[in-house]
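Here is the structure we will look at, set down as structure tokens.
The values are calculated or read from the model by the stated rules, or taken from the named source; none is laboratory data. The model shown is predicted, which means the values in this text are computed figures rather than measured ones. Backbone-built Cβ (ideal geometry, glycine too); neighbour counts: all protein chains shown.
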């Protein structure tokens, strides 16, 4: 055994068995089973002694057999079986699912399609490596999974994602559905995502051993497995992320009024033919069939959408572009057949009569303006869902108020530390993602701090690095920040505070950036604007300012957010406590107050919200921040919505597992994968700053 192979085996022990530490004698605190399949015989042994593990592996490696071990924690009682610290041929007991204490890893095993009992060719293996990159990108870059351990298995690729799951039927079903989803998305005629590795006691090749399937030939050689990428810290991926992917697996419809009581199997091929849907490729999989579409029906520029039908008849739809990620097969079917569901959910249409300023009495009626007095039949219905509005990114808020309508002005307030600056950055990111250009005047933050914080939101947790010596402080890699800068060009502008905070000057400069296309203007904050605070009519000047902004928003068809600090009060913040003119909340269209769900929230909020509502926000939903709609001119919705805070990215999220990929990095999975091959003994490390120019030899974007 070479020194390099010995080093790899020790690394395997440390990653999969040494995580619980060692006892005083230098033995592992965790039991390891080594199992060898050789000449149709099975050998098994339970070990804690590292030297015995290495000697046993050396004894069997390269002798025509395969050496495996469970990657989940084994019940320590198994150590007392007959094969304790030694190998036995055809043992009476080996590790079964009931012997597993809990799940530590989920294995994604990608193998090339080839005849049974043989090693892969270099070309076949390259297909597995490429598929592994795609799956890695899909899970880590596009769906927020923590970075896995990546290993060359000799014939294919292994991805080990660290988890903390119980060993039960529910968890087994979850992992199996997760793997089936990946198989449905990524398996093809060249590679298979192994769907049989979902049981808790699953054995996997010990990395560092030789893969010997069949004869060792020049075309199909026996190769030594090795690690390609090991993060400095193998972080746990929360179960909510696993569930999110598992939920993408198609589910069969049950007959209800919602689908016209249809219980027969849906004829997807006839549906495709009847509606002229163009399919570029059809692939038959173990679990069903995949139809790759020539274009996504929701955006014809997207060339990587597909339909999936599993063997039970359940159908799914997936577009791999982030902007279309919300669409399901129901949306797909309704796109082509709006009457497919008898009780299809439709957006309610409401009539709203806008307030009209009184006109001079001497104005005559004109044809272009119409009658001065209208009958109801002369007034067209107004569908707020068709009105242009800027999304905040807070899903429940946008559902309630239909986003931030153009031509309106909003006030945002909150006590210090409530999350005003964080939410502003998130609104900016989501507005730009939706195609709305933004501009900010910040009297609060330096330009460097503003850029750093906005970059964190846009980059996401997988592109931030913890700042050494500072708890909770993160920064964005230079090459990522550069890509974000390029994406934001001509989409976002920050006012240069070297030109001061005089309102008259700022008002003229605002007109410049609006002419450049800004549709969302944020002024942070009112008290930092120079309005001649010594003037005895200071509050009247504030009212005049807000009146001017409201008129300007209507004239230019933009939305303005005005950040206002509260008065120094210790009670639960209400809109009446917002500092400034008493007319402030009357003059604007929306008033939002953001609250941090901290220690004092319950004590202060119960008197206004009630203990039941506070319990729901804290105990049931575990929100980190809540946004209170204190005023909403139209559609008139009030209430409280919640968000989850992620410190690495400063993102306010709708669900803990939400992972948005913003436009600077929004490429379909198929286009983000490099053609590079892995470099031996050079695992890449996202957390190594020296890798910023080229993150990795294995995975390079």
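Those strands (runs of 3 or more DSSP E) of region 581-658 in which at least 2 residues are farther than 29 Å from residue 529 by Cα, in contact with a strand residue (DSSP E or B) (Cβ under 6 Å, 6 or more places away or on another chain) and assigned by TED's automatic domain parsing to the domain that holds residue 415, considering only elements entirely within it, cover 639-646. I'm trying to understand the selection: among the residues of region 400-444, which are in a loop (DSSP other than H, G, I, E, B) and under 24 Å from residue 664 (Cα atoms)? Result: 403, 434, 435, 436.
Looking at the structure I just gave you, is residue 151 in contact with a helix residue (DSSP H, G or I) (Cβ under 6 Å, 6 or more places away or on another chain) and buried (at least 23 other Cβ atoms within 10 Å of the Cβ)?
Taking the combined requirement at face value, the residue does not satisfy it.
Of everything listed in (1) more than 30 Å from residue 235 (Cα to Cα); (2) in contact with a strand residue (DSSP E or B) (Cβ under 6 Å, 6 or more places away or on another chain), the single unmet condition for residue 457 is (1).
Residues that are surrounded by 10 or more Cβ atoms within 10 Å (Cβ to Cβ) and assigned to a loop (DSSP other than H, G, I, E, B) were ranked within region 373-384; the one that is modelled with the highest pLDDT is 374. Do we find a residue being part of a loop (DSSP other than H, G, I, E, B), surrounded by fewer than 13 Cβ atoms within 10 Å (Cβ to Cβ) and either modelled with pLDDT under 95 or under 29 Å from the mean Cα position of the chain (by Cα) (or both) anywhere in region 517-532? Yes, some residue in region 517-532 is part of a loop (DSSP other than H, G, I, E, B), surrounded by fewer than 13 Cβ atoms within 10 Å (Cβ to Cβ) and either modelled with pLDDT under 95 or under 29 Å from the mean Cα position of the chain (by Cα) (or both).
Residue 283 passes every criterion in (1) at pLDDT below 95; (2) within 30 Å of residue 94 (Cα to Cα) apart from (2).
Picking from 541, 545, which residue would you name as being in a helix (DSSP H, G or I), surrounded by 15 or more Cβ atoms within 10 Å (Cβ to Cβ) and modelled with pLDDT of 85 or more? Walk me through it before giving the result.
Working: 541 fails: modelled with pLDDT of 85 or more.
Unique residue meeting the criteria: 545.
Against the test of being farther than 21 Å from residue 516 by Cβ and surrounded by fewer than 24 Cβ atoms within 10 Å (Cβ to Cβ), the options 445, 397, 406 yield a single qualifying residue, 445. Among the residues making up region 268-296, those that are under 18 Å from residue 113 (Cα atoms) and free of Cβ contacts under 8 Å to residues at least 60 places away in the same chain are 282, 284, 289.
Okay, residues lined up against (1) assigned to a helix (DSSP H, G or I); (2) surrounded by 15 or more Cβ atoms within 10 Å (Cβ to Cβ); (3) more than 34 Å from the chain's Cα centre (by Cα); (4) free of Cβ contacts under 8 Å to residues at least 40 places away in the same chain:
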position: 33; (1), (2), (3), (4): no, yes, yes, no
position: 44; (1), (2), (3), (4): no, yes, yes, no
position: 67; (1), (2), (3), (4): no, yes, yes, no
position: 79; (1), (2), (3), (4): yes, yes, yes, no
position: 86; (1), (2), (3), (4): no, no, yes, no
position: 93; (1), (2), (3), (4): no, no, yes, yes
position: 105; (1), (2), (3), (4): no, yes, no, no
position: 110; (1), (2), (3), (4): no, yes, no, no
position: 118; (1), (2), (3), (4): no, yes, yes, no
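Selection of region 238-265 for residues being at pLDDT below 80 and outside any loop (DSSP other than H, G, I, E, B) yields 257, 258, 259. All conditions but one from (1) farther than 12 Å from residue 332 by Cα; (2) modelled with pLDDT of 90 or more; (3) not in a strand (DSSP E or B) apply to residue 291; the one that does not is (3).
Determine which member of the set 368, 398, 331 is under 37 Å from the mean Cα position of the chain (by Cα) and modelled with pLDDT under 90.
None of the other options fit; the residue is 331.
Kindly check whether there is at least one residue in region 469-479 that is more than 25 Å from residue 559 (Cα to Cα), assigned to a helix (DSSP H, G or I) and in contact (Cβ under 8 Å) with a residue 12 or more places away in the chain.
Looking for residues that are more than 25 Å from residue 559 (Cα to Cα), assigned to a helix (DSSP H, G or I) and in contact (Cβ under 8 Å) with a residue 12 or more places away in the chain, one finds at least one in region 469-479, hence yes.
Can you confirm whether region 200-211 contains a residue that is more than 22 Å from residue 74 (Cβ to Cβ) and out of contact with any helix residue (DSSP H, G or I) (no Cβ under 8 Å at 6 or more places or on another chain)? Yes, there is a match, as at least one residue in region 200-211 is more than 22 Å from residue 74 (Cβ to Cβ) and out of contact with any helix residue (DSSP H, G or I) (no Cβ under 8 Å at 6 or more places or on another chain).
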